[in-house]
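What follows draws every value from the coordinates through simple rules; no lab data is involved. In this text, all values refer to a predicted model and were calculated from it rather than measured experimentally. FYI the Cβ positions are ideal-geometry reconstructions off the backbone, even for glycines, and counts take in every protein chain you see.
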Amino acid sequence: MTSMLINSTIKPTVLARNMIHTVEHSTCGPIKLVNTPLKFAENGPTIRSPPPTLGQHTNEILTEMGFSMKHIDEMKASGMVA
């Protein structure tokens, strides 16, 4: 699968449609992402930010779901969540 994606990035149509977009990630450096296939004359969808790192939003999401920080810390310690 990965080799298919890498090989597809060199195809002229992929490049012409700006399908591969490079974004700067604060931890990982520059990374290539697949851009949206939808193209509009004006104000189309765009990649707004790089993807999160593993566990970056764990506390926020689990807190919103009603878990206490103590429980979240226990889940992290057990390896249940990142």
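If we count other beta carbons within 10 Å of each Cβ, what is the order of GLU60, GLU42, fewest first?
So the ranking, lowest neighbour count to highest, is GLU42, GLU60.
Would you tally the net charge around THR36, using a Cβ to Cβ cut-off of less than 13 Å, leaving THR36 out, and scoring K and R as +1, D and E as -1?
Here the count lands on +3.
Among LYS76, LYS70, which comes first, second and so on when ranked by fewest other beta-carbon atoms within 10 Å?
Listed from fewest to most nearby Cβ atoms, that is LYS70, LYS76.
Where the eigenvalues come from the Cα gyration tensor of the chain, what are the semi-axes √(5λ) of the equivalent ellipsoid, largest first, in whole Å?
Over the Cα atoms of the chain, the semi-axes work out to 36, 16, 11 Å.
To make sure I understand, if each residue's beta carbon is the centre and we count other beta carbons within 10 Å, what order do ARG17, ARG48 fall in, fewest to most?
ARG48, ARG17
For the chain, what is the charge dipole size about the Cα centre, in debye to the nearest 20, if Lys and Arg each add +1 at the Cβ and Asp and Glu each add -1 at the Cβ?
The calculation lands at about 420 debye.
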